Amino acid sequence: MTKFDRQVGVVLQSAIPWNMGSHMKTTIEISDALLKEAKKTAAREDTTLRTLVEQGLRHVIAQRKRRERFRLRRATFKGKGLSAEARAGDWTRLRELAYEGRGG
């Protein structure tokens, strides 16, 4: 790796399908150790660094899309709502009631 590579990062072309017109060039900065390992992996697999980076990005994006959205479970309690004391109070009083007897 040259001094220039460390200063400006590695220039890669992003994966835009051929039918969308063209490829886009971009610069990314990655650690020297990661770049060295990526180059070794690309050589071992007889592929390019660009292909390796594109595969990695596709994998991460697909994995994040598969994650389910967080849904708050329904947490209701049987009762008749707030007590009269809580209904009449402001936020400071509600806090006091919530921590009453708990050292708050």
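Every read-out reported here was derived from the displayed coordinates using simple, explicitly stated rules and does not represent laboratory data. Since this is a predicted model, take the numbers as computed values, not measurements. Because the Cβ atoms are built from the backbone with ideal geometry, glycine has one as well, and the counts that use them run over all protein chains shown.
For segment 62-79, 3J(HN,Hα) computed residue by residue from phi via the Karplus equation (6.51, -1.76, 1.60; θ = phi - 60°) reads 5, 4, 5, 5, 6, 4, 6, 5, 5, 10, 6, 5, 6, 10, 10, 10, 6, x Hz, glycine and proline entered as x.
Tell me, what is the FRET efficiency for Glu96 and Gln63 to the nearest 0.05, using R0 = 41 angstrom and their Cβ-Cβ distance as r? Calculated value: 0.35.
Looking at segment 55-104, the GluC sites (Glu not before Pro) that sit in a DSSP loop and have at most 13 other Cβ atoms within 10 Å of their own Cβ are Glu68, Glu100.
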